Amino acid sequence: MSDQASRKATVDALFQKLFPICRSLTGDGNRQTFDIIGELAPFDVHEMPSGTKVFDWTVPDEWSIRDAYIADDAGNRIIDFANSNIHVASYSIPVDAVMTLDELSPHLHSLPDQPTAIPYRTLYYKRDWAFCITEEQRALIPSDENLRVVIDSDLSPGSMTYGDKVLPGTSGQEFVFSSYCCHPSLGNDNLSGIVLLTMLLRELSSRTLNHTYRFILAPETIGTIAYLHEHQDAMRQVTGSFVLTGVAGRGQYAYKQSLQSDALVDRIARRVMRGRNITFAERTFDPHGSDERQYSSPGFRIPTGIITRDGYYDYPEYHTSLDNLDFISCDALLETLDIYLCIVDTLENRKPLRSLAPNGEPHLGPRGLYPTVGGAMHTSGSTNVEKELDAILWTLTLADGIKDRTDIAEQSGIDIGLIDAIATRLIDGGLIEEVQ
Ligand code: ZN
């Protein structure tokens, strides 16, 4: 079997094994998920007790569910949790009652515009219960019978499971890859993110790395806030991050910019996707979406980019039962994996330039670096000498220890060959250095 065929078989097996599991903010489904992905990638798994204060939040009680159904007078199950774990809103409290359809209706969610779809709903902090059903199922519930309504669940103190892994490098720069493990049987959002994070960690864990890469898999929002709380000092030093979500659809790629819009992660993501001739829409940051909101909060401000292939909100199947294994594709996931591996290679191989004379512009003349007699030139000149001066001034101005030759060429619009030659001349002249 070729490497690619073997990776595809691994991804397919992960999709099949992980999709049926009932995940939530907490519970055994999340532990089972870590057991399965732990066979492939070395996540460290942690438990945080219910009631733990993390910044403005509190880790919730643990939720477990064994069974749930709505049955007619004769005991026939019209709605059965066994058929779909999104039939019950996540964190529904237990119920065992007989009621009419009128009494049940406030607890039913369906989608009139998508009659065959079950909506995905959560009740994390409400202490309520609800069933999510298709419009077609709703029409089958008799209005003139006593209905038996059962949710066999528990909501009691336990713990929240999350995983991480730090692959240490030597450069002092750290990047984060993050995803979330709280969605039950939903494919692109976000089984695809879990599988991609697993495959990426699996591939990188055997490499010698220049930079440090931190992998985080936690429940969305509360899990990420808890993680930030537990690793405040380290997370405030992170150079950039990517949230892995919605990465295996069959539509077009999109890139959601970081809050900073032109941070290193933005430039590298664009460069890699363009370099691979991928057509993608680009969106500016907004605080809706996923954990980019936590990483971008004022206390952390980690530049966070998101590459999606059918991203959240973009497709009608989003947060419904139609976002299933048929919606996602192993090939799409592997293509996104290749993009991320290329991003890592680019980060590993780039050599940022740092000025050794950063306080005002250095005096070029005495160093023999000023290309000609000064006075008449403008930086947008067209002679070779003028172009060289232009490249020198841009390189000195942008040599901040983060930008590399390609960044400088992109920002200045100057040919990379000339920037490369000028950078070498400035390094030889002792004005800039390459940062490892
Ligand atoms: Zn979601």
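Summary table
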read-out: Meets criteria (touching a Ser or Thr at 6+ places or on another chain (Cβ under 7 Å) and assigned by TED's automatic domain parsing to the domain that holds GLU136) for TYR91; value: yes
read-out: Residue check for GLY240: among the small types (Gly, Ala, Ser), in contact with a strand residue (DSSP E or B) (Cβ under 7 Å, 6 or more places away or on another chain), more than 16 Å from the ligand (Cβ to nearest atom) and under 30 Å from LYS403 (Cα atoms); value: yes
read-out: Boolean, LEU204 is touching a Leu at 6+ places or on another chain (Cβ under 7 Å), open to solvent by 10 Å² or more (accessible area, probe 1.4 Å) and either away from the ligand (no atom under 16 Å from the Cβ) or farther than 22 Å from ALA269 by Cβ (or both); value: no
read-out: Check on TYR318, in a loop (DSSP other than H, G, I, E, B), modelled with pLDDT under 95 and within 16 Å of the ligand (Cβ to nearest atom); value: no
read-out: Inter-residue pairs, beta-carbon under 8 Å, first of a type in the set (Gly, Ala, Ser) and in segment 322-335, second crowded, with 18+ Cβ neighbours inside 10 Å, 6+ apart; value: SER329/ALA248; SER329/GLY249; ALA332/VAL247; ALA332/ALA248; ALA332/GLY249; ALA332/ARG309
read-out: Unmet requirement for PHE285, which otherwise passes all of (1) more than 16 Å from the ligand (Cβ to nearest atom); (2) open to solvent by less than 10 Å² (accessible area, probe 1.4 Å); (3) under 16 Å from the mean Cα position of the chain (by Cα); value: (2)
read-out: GLU135 vs. criteria open to solvent by 10 Å² or more (accessible area, probe 1.4 Å), more than 16 Å from the ligand (Cβ to nearest atom), touching a Lys or Arg at 6+ places or on another chain (Cβ under 9 Å) and of a type outside the set (S, T, N, Q); value: no
read-out: First in segment 207-235 and without any contact (Cβ under 8 Å) to a residue 60 or more places away in the chain and under 12 Å from MET48 (Cβ atoms), second anywhere and within 16 Å of the ligand (Cβ to nearest atom) and open to solvent by less than 10 Å² (accessible area, probe 1.4 Å), Cβ under 9 Å, 6 or more apart; value: ALA218/SER178; ALA218/SER179; ALA218/TYR180; ALA218/CYS181; ALA218/CYS182; ALA218/THR224; ALA218/ASP291
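The values are calculated or read from the model by the stated rules, or taken from the named source; none is laboratory data. In this text the structure is predicted, and so the values were computed from the model without any measurement. Positions of Cβ are generated from backbone atoms using ideal geometry, with glycine treated the same way; all protein chains shown enter the neighbour counts. Calculation scope for accessible area: heavy atoms of the full protein, side chains included, ligands and nucleic acids excluded. Shrake-Rupley method; radii C 1.70, N 1.55, O 1.52, S 1.80 Å.
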